[in-house]
Structure formats: C-alpha cells, structure tokens
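Below is one structure, written out as structure tokens; the observations come after it.
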Amino acid sequence: MKKALLRAVVTYFVFLVIFIIEKPLFMAVYSGLYSDATLSDYIDVIANGMAIDRSMAAYLTVIPCLLIISMLIVRSKVNVIISRIYFGLTAFVLAAVFIADTVLYGYWGFKLDVTPIFYFMSSPASAMASATAGEVIGGGALIALTAGLYLLFAYTSMRIDVEPLPRGQRRNRAVAVMSILTGLLFIPIRGGVTVSTMNLSRAYFSDNRSLNHAAVNPAFSLLYSATHQSDFASQYRFADAVVADSIFKSMTYTVAARPDTVTLTTDRPDIWLIIAESFSSHLMPSLGGEAVAVRLDSIAGSGMLFTDFYASSFRTDRALPAILSGFPGQPNTSVMKYVGKAEKLPSMPRRLRDAGYNTAYYYGGDINFTNMLAYVISSGFGHIICDKDFPLTERTGKWGAHDHAVFGRVLDELRRDTTAGPRLRVIQTSSSHEPFEVPFKSRFDDPRLNAFAYADSCIGAFVDSLTAMPRYDRSLVIIVPDHYGVWPRNLGDRRLRHTVPLILTGGALRRHGERISTVGSQTDLAATVLALCNLPHDEFIYSKDLLDSDAPHFAFFTETDAVGMVTATDTVIYNLDADRPETISGETAGETLRRARVCLQKIYDNLSDL
C-alpha cells in the first residue's frame, strides 16, 4: 500500500512542479514585459497561481489514482499500457498548451482560451497560413518538450511499481484508502470548501495585468474557457445589423461632461459608494414599502432619492459590471466569467483613478467568488479588503465578515488615512443575503426582514460616523442595491421586483430633500458620477447621466428568461423562452419593445467583440 500512496503523491507533485516551473519560463520569454519584475514579483506570481495549479494537478491525478486502485486488485499489462498512453497524451497536451499560450500571448495579450481552437477548426489552412517561421519552429519545441515531460513521468511516478495484493483485509484496506485519497482530490479541484469554486480570479493579485496573466495556469485557462464558452454573436438576433445599429444609436447619449455647479460644491468629491446586498424599494416607507430600511429612508429624506430606478439584473456578478462599468447584465451568462472580456470593459473607478482618485474596495466575503477579484483589480482599485483580511473572530457569517465589521474596518482605515487627494471607496455589503443569519435582533420575526433591518442599521451607523469626519463636507455618499430585491418573497411582477432605490447624500451635495422621478437603472450610475466630477463618459455607451434632461432616459433589465424596459410612458417585458411579450403597456410600447430587444442584441454583439 505504501508504494500505491507514494505513486499517487509523486504523480500529483510532479504535475504541480511542472506548472510552477512554467511561470518563470513564461516570464523569461517575455522578459521585456517583466523587465521591472523583482524577485518578490516572481514569488508572488508562483504563490498566487498555486491554487489553480493545485486544482489542475488534482484534475490530472484522478485517472492515475484510479489506475493505481486497479493495480492493487489485479496484475495486468492493460494497466501498464493505459498508464503509458495516459502520461504520453498528458505530456503532449501540457506541452502543446504551454507552447501555444506562450507563442500567442505576444499577439493577443491574454491567456490561452478556446479562440485558437475555434480559428483552427473553422479554417485550418488559414490558421496555418498566418504562422510565422518562429511559430513553425515551435513544432520542434513541442516534440522536445513532450518527450521531456514523458521522461519525467517515466522516471518518477511511473517507475514506482505497484504490486497487486491478495484478497483479504489488507487489499480491502488499501483500496479503501486509495479511494478516499482519490475522492479528496475533489477539494483542490473545486478550490476548497467555501462557497467560491475554482476560477481564474484566484490568480489575480496585482494591478499589473501582465503579472496576473503570468500567474494563470494556461491549461486551466483553456479548460475554463471551454466549459464557459458561448457563441455570443449568434444569440438573440432580433433585427438586421444595420437596423439594430441605427435603433441603438438613438438610445445612447455620451456627450461631454457638463460642468456641475448646482449639484455639488466640488467636482472632486470624496465618493463613498455603498452597494447594498439584495435591497429593494419595497423596504422603504417613502417608496411605498414596509418600514424596514428606516435609516435609508431618513438618509434619502435629507439627500436625493431617485424614485423610478431599476436593478440591471438578478445576481451580483451581473450587478457589479452594471454599476461600475455601465455594462448591462445578461440573461444567460455573466461577463465576469470571462476574465479577458471583463478586463476590457470601461470602468468608472479606473476613470476616477486616472483623474487623481485614490481607490479602495471593501467586501467581507470571498472576493474570488465568480471572478470578482479579477474584475475589481482590472477596474482600477488599488486597495482591496476581503474576508481573508478579517480575523477569524469576525468571519462569523456564511459569507464571511458581517456588515458591521466591514464598515468598522472602513472607518478604522479612514481615521488613519492621510490621502490628500480625492478618494473613491466602494463598500459591498453581504449580510442581507441567504441564509439571512445576522448578529442582530429587530422587531421582525422574519429572518429576511431582520437581516435587512440589520444591514440598514449598519449603513445608517456608518453614515452617522462619516458625518463626524473632517472631510465630510467634501463627501458624496451613494447608496445603491446590487441587484433586484428579495423582498417581498416571490414577487411575480418583474418590474416591481427590479425596482430599487438610488440615494445620493453627503456634505458635498447642494441639493437636499429631493425626489427625482427620472427613469434610470444601475448602468446609468457611471455616467452620472463622472458627469458630477466633470469627467467625460464617452466610453460608457449604455450609461446616461441621470441629471441631464437631454439624455434618452429608460431602464433596461434582464433575468434568466426575460428582458425588460421601462420608460416614462411604457413598460415592456419580453419572455425569451416563450419568444413573446409577457407585459406590454404604454403609449409607444411597440417601439419600446423593439428597442429592448435591440439593446439585448447589441449587448451580445459587444460581448462577442470584447
């Protein structure tokens, strides 16, 4: 049994060592990109890529472990032949992936995915016709590397001979141990036992994209892409391309920023953006809801409350690009799943950073979830706080640190902050999420309402503390939910389900106690904030300044099976599964429906082009 265990362990670590060695080799090939990299950067690349490397090594060790179990039961040349074939194919695939990734990175600037496979399968001749002499020489390198890897396997794990054991308790015990060991490989494959499964985001650690790319395992990148790939350009085709472009153009408004002398006292306010988990208008009495979010109601009463505002989608991974990049949520996918595409989205935080803002992101949960870390880093945040930055005593919630601990961390850092220039601080809450277990008891017996009351109290306490800070007079506080609300439960009306509040307050705000009925959605936040800061928002084609009366204001939102659009006069919901309108009302509902479908078509065109 010892040899069986040794062979399994050696196999796993040989794969792991191969993946570790690939990283400095990749960086050496692109020495120009990494000319400023220090020894610490190389170590960080290896360390931050380790989680994905462990996952990929575990994937590749499953079959050898099953073969080892078979070897414990019966001596057969078939096991030997299968083992040789497996390691031969694996050596070839790993060599091919590494070489392809290294060669193509110089042209594309992103890690290997299924794109080259698609190109080759669609037209092998054209793909090969564009190959340079150096790339053809890579074929020789492929043969050499494959042979080298196969020899490495042959002189390590394959060399450990596993003898079959006679029937009895000893063999049964050995088979049981090996079966358990094989099952345990699921843990590194999945990426641990937390809510976050393994994804490319695990390797992201730096605002230097090249360092992040060096940390990504190319074999995992290819596998991830293959299992998360969609032909976006062929989906949701409702109009001829020329017609769709014409209709969509009439829906966009990206004029240069307007000088704002009415709304704010400064065009470089400190911005505090609070993204409130699962909140809805139905929790606020001032919007006709229940008296749950009473602190939000109070804050809104002294600031600006947008009363006809809508969530873009139904999950946080769709919401963050809508809020920070002005990119609408998608019904059947999430742009954050595609790290290479998400990196190319415009970014309101990045635009503010370029204008001199110091940026930071606070979240009490696992920021690797749904590739969030990769998106946040590429969006321009220089300082990121997540669950691992809190002591275990504060990570008592299902999703990590509860909201009071997160806001407390923000305030602690604020008291020590000596930043002279403007600040952007994004705070994402998480406690008002299933299972709605919070360290708080309100007057509500329903755990959902109790959780919302808790989150509301945390937001209120934070704003109270902020008002006592020296720079509050130059602060703009923005409160917006992340996606549609989860209260009331099972709300059937899709429009009402997506109705959420948008609140602006703070010492830098000139306008107080206003209720603004302009129709808008989360995608409009980017243009609105940038306009308030007198900065252009031309990149944000789906975003419109909510305070600009010349813009064509509407709200567009999606669910897994539907798309909706709301204007000042119309409401339309189109059921994508049934391929027919579900709700259609208003003076110009037919045209609004047409625009809603074209908007979805253009989103998938953009996804394809990213």
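For residues that are open to solvent by 10 Å² or more (accessible area, probe 1.4 Å), touching a residue at least 60 places away in the same chain (Cβ under 8 Å) and within 18 Å of G506 (Cβ to Cβ), tally how many sit in the stretch 266-298.
Looking only at that region, the number is 5.
Do you know which residues across the stretch 149-182 are of a type in the set (S, T, N, Q), in a helix (DSSP H, G or I) and in contact (Cβ under 8 Å) with a residue 12 or more places away in the chain?
S179, T182
Return the total of residues in the stretch 501-541 being farther than 23 Å from P422 by Cβ, open to solvent by 20 Å² or more (accessible area, probe 1.4 Å) and in contact with a helix residue (DSSP H, G or I) (Cβ under 7 Å, 6 or more places away or on another chain).
Final tally of qualifying residues: 1.
Which is more than 22 Å from the chain's Cα centre (by Cα) and modelled with pLDDT of 95 or more, of L324, L287?
L287
Within the stretch 291-303, is there a residue that is of a type in the set (K, R) and under 30 Å from M469 (Cβ atoms)?
Yes, there is a match, as at least one residue in the stretch 291-303 is of a type in the set (K, R) and under 30 Å from M469 (Cβ atoms).
Just to check your reading of the model, which residue among I299, I271 is part of a strand (DSSP E or B) and hydrophobic (A, V, I, L, M, F, W, C)?
I271
Please specify each residue of the stretch 1-29 satisfying the condition of being in contact with a Phe, Trp or Tyr (Cβ under 7 Å, 6 or more places away or on another chain) and either outside any helix (DSSP H, G or I) or closer than 12 Å to P64 by Cβ (or both).
The one that is in contact with a Phe, Trp or Tyr (Cβ under 7 Å, 6 or more places away or on another chain) and either outside any helix (DSSP H, G or I) or closer than 12 Å to P64 by Cβ (or both): V14.
Kindly list, by first and then second residue, each pair from a residue in the stretch 307-325 that is more than 28 Å from E514 (Cα to Cα) and among the acidic types (D, E) to a residue that is open to solvent by less than 20 Å² (accessible area, probe 1.4 Å) and outside any helix (DSSP H, G or I), limited to pairs with Cβ atoms under 6 Å and residues at least 6 apart or on different chains.
Close Cβ pairs satisfying both conditions: D317/S334.
Is it the case, given these coordinates, that A51 is within 17 Å of S221 (Cβ to Cβ) and over 26 Å from the mean Cα position of the chain (by Cα)?
When the stated conditions are applied, A51 does not pass them.
Regarding F440, is this residue open to solvent by 40 Å² or more (accessible area, probe 1.4 Å) and either of a type outside the set (D, E) or free of Cβ contacts under 8 Å to residues at least 40 places away in the same chain (or both)?
yes
Scan the stretch 474-514 for residues that are modelled with pLDDT of 95 or more and touching a Lys or Arg at 6+ places or on another chain (Cβ under 6 Å) and jot them down.
The answer is A508, and nothing else.
Test of understanding: among D36, D44, D53, which residue is open to solvent by 40 Å² or more (accessible area, probe 1.4 Å) and in a helix (DSSP H, G or I)?
Matching residue, one of D36, D44, D53: D44.
With the structure loaded, tell me whether G380 is surrounded by fewer than 21 Cβ atoms within 10 Å (Cβ to Cβ) and at positive phi or whether it fails that test.
Yes, satisfied.
Is there a residue being touching a Lys or Arg at 6+ places or on another chain (Cβ under 7 Å), assigned to a helix (DSSP H, G or I) and at pLDDT 90 or above anywhere in the stretch 188-198?
yes
Which condition number does A125 fail, the rest of (1) open to solvent by less than 50 Å² (accessible area, probe 1.4 Å); (2) outside any loop (DSSP other than H, G, I, E, B); (3) at pLDDT below 85 being met?
(1)
Filter the stretch 340-373 for residues that are open to solvent by 10 Å² or more (accessible area, probe 1.4 Å) and assigned to a helix (DSSP H, G or I) and give the result.
Residues satisfying the conditions are G340, K341, R350, R351, R353, D354, F369, T370, L373.
Yes/no matrix, rows are residues, columns are (1) closer than 23 Å to K398 by Cβ; (2) among the basic types (K, R):
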position	(1), (2)
R318	yes, yes
A322	no, no
P328	no, no
M336	yes, no
P349	no, no
G356	no, no
Y361	yes, no
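Inspect the stretch 407-419 for any residue being among the basic types (K, R) and under 30 Å from L223 (Cα atoms) and give the result as yes or no.
No, because not a single residue in the stretch 407-419 is among the basic types (K, R) and under 30 Å from L223 (Cα atoms).
Of the residues in the stretch 557-598, how many are touching a residue at least 60 places away in the same chain (Cβ under 8 Å), open to solvent by less than 50 Å² (accessible area, probe 1.4 Å) and of a type outside the set (S, T, N, Q)?
Of the residues in the stretch 557-598, 10 are touching a residue at least 60 places away in the same chain (Cβ under 8 Å), open to solvent by less than 50 Å² (accessible area, probe 1.4 Å) and of a type outside the set (S, T, N, Q).
Residues in the stretch 82-104: is at least one in a loop (DSSP other than H, G, I, E, B) and at pLDDT below 90?
No - not one qualifying residue is present in the stretch 82-104.
Pairs needed: first member in the stretch 80-108, free of Cβ contacts under 8 Å to residues at least 24 places away in the same chain and surrounded by fewer than 18 Cβ atoms within 10 Å (Cβ to Cβ); second member anywhere, aliphatic (A, V, I, L, M) and assigned to a helix (DSSP H, G or I); C-beta distance under 6 Å; at least 6 residues apart or different chains.
Sorted first by the residue in the stretch 80-108, then by its partner, the pairs are Y86/I63.
Has the stretch 211-227 got at least one residue that is open to solvent by 70 Å² or more (accessible area, probe 1.4 Å) and touching a residue at least 60 places away in the same chain (Cβ under 8 Å)?
no
The values are calculated or read from the model by the stated rules, or taken from the named source; none is laboratory data. This is a predicted model, so every value here is computed, not measured. In this analysis, Cβ positions are derived from the backbone assuming ideal geometry, glycine residues included, and neighbour counts consider all displayed protein chains. SASA here: full protein model, heavy atoms, side chains in, ligands and nucleic acids out. Shrake-Rupley method; radii C 1.70, N 1.55, O 1.52, S 1.80 Å.
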